[in-house]
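The values are calculated or read from the model by the stated rules, or taken from the named source; none is laboratory data. Values in this document were obtained by computation on a predicted structure and should not be read as measured data. Cβ: placed from backbone, ideal geometry, glycine included. Neighbour counts: every protein chain shown. Remember, those area values only see protein heavy atoms, side chains included, never the ligands or the DNA or RNA. Shrake-Rupley method; radii C 1.70, N 1.55, O 1.52, S 1.80 Å.
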Amino acid sequence: MNTGDTAWVLISAALVMLMTPGLAFFYGGMVRSKSVLNMLMMSFISLAVVSILWVLYGYSLAFGNDLGAGLLGNFDNIGMKGVLGALTGPADHQFPVMAFVMFQLMFAIITPALISGAIADRAKFWGWTLFIGLWVTIVYFPVAHWVFAFSSADGATVGGWIANNLKALDFAGGTAVHINAGAAGLAVALVLGKRKGWPKEPMRPHNLPFVLLGAALLWFGWYGFNAGSALGANETAAVAFATTTVATAAAVLGWLLVEQFRDGKPTTLGAASGAVAGLVAITPACAFVSPLGAIAIGVIAGALCSLAVGLKFRFGYDDSLDVVGVHLVGGLVGTLLIGFFGTTSVNSAGADGLFYGGGFGLLGRQAIAAVSVLAFSFVLTFIIAFVVNKTVGFRADEEAEVTGIDESEHAESAYEFGAFSSARGANKGSVTAGATAVLEGSNKS
């Protein structure tokens with residue numbers, strides 16, 4: 001066992017775990033104050049539900065030996081059977097399979113959490129919880145098998161069709177995570193319908209410092225997401241770390257420049273959203289492009305995602321926190337641009353894109369992978385959300401939405417304004433009484 005690689009995989013798993021609370025703050029700051037706790041809980045509950053399902057059967061379905069046609073893993077690793085004590089990786093860089101299990105679990109956790117932003121302010125908590133369990137089982141685990149499960153060199157284990165048959169490139173989850181979650185977000189938003197008052201009523205973010213804090217935590221954790229996918233402390237991890245940094249920085253600038261020319265002002269929300277758009281776009285490409293290619297991907301993603309968030313007003317779907325505009329569009333941009341900027345000079349396991357003499361072959365494979373995941377996720381998610389809504393109930397009723405989803409679903413509020421007002425009133429009374437006494441004493445003198 002290589003202890004350095006083992007340490008890096010475990011640290012990366014912890015970094016990716018931190019991304020889910022970071023996402024909760026990012027989304028929580030963007031909703032109205034009466035919905036912030038529900039938004040935080042929609043991310044937090046994913047940690048609980050997916051962790052249990054992953055151990056019971058999720059890992060086996062995603063990374064077990066293929067059942068046929070590269071579509072789904074088998075049941076050999078149900079309940080972590082055959083995992084304890086096993087090692088994986090090259091002969092001189094082996095690490096425990098359990099470390100890999102935990103690393104991939106964190107990807108499975110954050111992916112459904114990403115969807116929640118599309119239905120902010122209007123989802124029942126237990127309906128959402130049931131949806132998560134069904135969605136990861138029916139949608140995420142199979143797609144993870146397609147994209148992340150590679151066949152072993154000796155042929156003993158057969159993986160998914162995108163990774164092994166199509167040979168499309170996705171280093172850390174542009175298809176399996178972001179296109180998957182973005183398409184699902186669109187489907188769920190269509191099933192649940194628009195928020196009451198949208199788009200006529202203003203629904204501004206209630207806490208922009210939360211949004212920036214969440215974006216910063218996501219950026220920090222994303223180094224585990226991307227560089228950790230090298231599964232070792234090596235050159236590939238270093239390249240992914242570098243490209244992740246510069247692509248995200250470039251996307252912030254790209255988004256803000258669009259805001260400046262379109263609206264006349266660069267915004268804090270735009271900077272945070274641009275950073276996330278850059279992180280999304282570089283995810284599939286981070287180990288296959290040069291730093292200069294990463295800058296180009298970041299600028300393009302930042303600008304296009306900034307423009308794409310307006311599509312919901314044109315087409316009339318209420319994607320509350322722009323999951324479609326950032327994750328679906330950003331995932332598509334990053335996945336397709338590998339077909340232009342991919343280069344084997346960075347990673348011999350990759351392929352040359354159009355700008356490096358590779359022709360249109362890689363671009364075509366990237367497009368097939370992206371469209372396949374998008375269509376699969378959208379159709380099945382629509383069906384799952386529809387069934388949940390018609391059975392246990394998914395959409396909150398109008399009264400709960402108006403008064404606040406926090407009170408109706410959790411019997412709590414994030415901010416106790418009443419107590420603050422009472423205390424302020426009491427303090428004001430004390431100050432007034434004290435001032436009167438001083439004035440009276442002064443007059444007697």
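Given DSSP loops and a limit of at most 16 other Cβ atoms within 10 Å, what is the longest stretch of the chain that contains no such trypsin sites (Lys or Arg not before Pro)? Kindly include the intermediate steps, with their values, before the conclusion.
Values: sites that count: LYS81, LYS167, LYS194, LYS196, LYS200.
Result, exposed sites excluded: 201-445.
With +1 on the Cβ of every Lys and Arg and -1 on the Cβ of every Asp and Glu, and nothing else charged, how large is the dipole of the chain about its Cα centre, in debye rounded to the nearest 20? Write out the running numbers ahead of the final one.
Details: 21 positive and 25 negative charges, 182 e Å.
It works out to roughly 880 debye.
Please give every one of the aspartates and glutamates within straight-line cross-link reach of LYS194, meaning a C-alpha to C-alpha distance under 17 Å, and leave out same-chain neighbours fewer than 8 residues apart.
List returned: ASP121, ASP318, ASP319, ASP322, ASP397, GLU398, GLU399, GLU401.
Just want to confirm a number: the relative contact order over the chain, from Cα pairs under 8 angstrom separated by 6+ residues, in percent. Before the final figure, lay out the partial values.
Working: 912 pairs, mean separation 95.0, N = 445.
Relative contact order here is 21 percent.
Taking only the alpha-carbon positions of the stretch 298-418 and ignoring solvent, what does the Debye formula give for the base-10 log of I(q)/I(0) at q = 0.10, 0.14, 0.15 Å⁻¹?
So the normalised log intensities are -0.53, -0.83, -0.89.
Please list, in order along the stretch 337-348, the HN-Hα scalar couplings obtained from phi with the Karplus expression 6.51 cos²θ - 1.76 cosθ + 1.60 (θ = phi - 60°), rounded to whole Hz, x for Gly and Pro.
6, 4, x, 9, 9, x, 8, 6, 5, 8, 8, 5
If I model the chain as equal point scatterers sitting on the Cα atoms and use the Debye formula, what is log10 I(q)/I(0) at q = 0.12, 0.13 Å⁻¹?
Debye intensities relative to I(0), on a log10 scale: -0.95, -1.11.
What full-extension length gain, to one decimal in nm, is calculated for PHE150 and ILE368 as 0.36 nm per residue of separation minus the Cα-Cα distance? Walk me through the numbers on the way to the answer.
Values: separation 218, 0.36 × 218 = 78.48 nm, distance 1.81 nm.
Result: 76.7 nm gained on full extension.
Largest first and in whole Å, what are the equivalent-ellipsoid semi-axes of the stretch 238-277 based on the Cα gyration tensor, each being the root of 5 times an eigenvalue? Could you put the intermediate results ahead of the total?
Details: eigenvalues 106, 14, 5 Å².
They are 23, 8, 5 Å, listed from largest to smallest.
Quickly work out the GLU412-to-PHE315 label distance, labels modelled 7 Å from Cα along the C-beta direction, and quote it in nm with one decimal.
Each label point lies 7 Å from its Cα, and together they span 3.5 nm.
Can you give the longest run of the chain that contains no GluC sites (Glu not before Pro) sitting in a DSSP loop with at most 13 other Cβ atoms inside 10 Å?
In short, 1-411.
Which whole-number value in Å² is the accessible area per residue of the chain, probe 1.4 Å?
Numbers: 18070 Å² over 445 residues.
For the chain, the per-residue accessible area is 41 Å².
I'd like the Karplus ³J(HN,Hα) series for the stretch 286-298: coefficients 6.51, -1.76, 1.60, θ = phi - 60°, whole numbers in Hz, and an x wherever there's a Gly or Pro.
With the stated coefficients, the stretch 286-298 comes to 4, 9, 10, 10, 7, x, 5, x, 5, 4, 4, 4, x Hz.
For ASN165 and PHE75, compute 0.36 nm times the residue count separating them, minus their Cα-Cα distance, and round to one decimal in nm.
Numbers: separation 90, 0.36 × 90 = 32.40 nm, distance 2.18 nm.
Difference between extended and current length: 30.2 nm.
Residues with beta-carbon under 11 Å from that of PHE288, excluding PHE288: net charge, scoring Lys, Arg +1 and Asp, Glu -1?
On the way: positive: none; negative: ASP170, ASP352.
Computed value for this residue: -2.
Over the Cα atoms of the stretch 211-267, what radius of gyration and what Dmax do you get, in Å?
14.3, 45
Report the full-extension gain for the segment THR267 to LEU292: residue separation times 0.36 nm, less the Cα-Cα distance, to one decimal in nm. Please list the in-between numbers first.
Working: separation 25, 0.36 × 25 = 9.00 nm, distance 2.62 nm.
Stretched fully, the THR267-LEU292 segment lengthens by 6.4 nm.
Once every DSSP H run of n ≥ 4 in the chain is given -39500 (n - 2.57) and the sum is divided by its residues, what mean residue ellipticity at 222 nm do you get, rounded to the nearest 500 deg cm²/dmol?
Working: 17 runs with 272 residues, N = 445.
Per the formula, -20500 deg cm²/dmol.
With each label point set 7 Å from Cα along the Cα-Cβ vector, what nm distance links HIS93 and VAL379?
Result: 3.8 nm between the two label points.
Around ALA123, which amide H atoms from residues at least 5 apart in sequence, or from another chain, sit under 5 Å from its own amide H, with H modelled in the peptide plane?
ALA396
Mind listing the long-range amide H neighbours of LEU87? Cut-off is under 5 Å, sequence gap 5 or more, other chains count too, H placed in the peptide plane at 1.01 Å from N.
Residues meeting the amide H criterion: VAL97.
How big is the Kirkwood radius of the stretch 1-160, worked out from every pair of different alpha carbons and given in Å to one decimal? Please report the intermediate quantities before stating the final value.
Values: mean 1/r = 0.0603 Å⁻¹.
Kirkwood hydrodynamic radius for the stretch 1-160: 16.6 Å.
Dividing the convex hull volume of the Cα atoms of the stretch 193-326 by its residue count, what figure in Å³ per residue is obtained?
Values: hull volume 14.6 nm³, N = 134.
Hull volume over Cα atoms, normalised by residue count, gives 109 Å³.
Testing the spin-label approximation: label points 7 Å from Cα along Cα→Cβ at SER345 and PHE386. State their distance in nm.
5.1 nm
Cα centroids of the stretch 362-420 and the stretch 232-246: how far apart, whole angstrom?
Result: 34 Å between the Cα centres.
Once the Cα gyration tensor of the stretch 154-237 is found, what semi-axes does its equivalent ellipsoid get, as square roots of 5 times the eigenvalues, in whole Å, sorted largest first? Intermediate values should be presented prior to the final figure.
Details: eigenvalues 256, 97, 11 Å².
Value: 36, 22, 8 Å, ordered largest first.
Find how many whole Å separate the alpha carbon centroid of the stretch 114-193 from the alpha carbon centroid of the stretch 314-342.
Distance between centres, Cα-based: 15 Å.
On the protein heavy atoms, probe 1.4 angstrom, tell me the percent of accessible surface of the chain carried by carbon and sulfur.
Details: 12210 of 18070 Å².
Here it works out to 68 percent.
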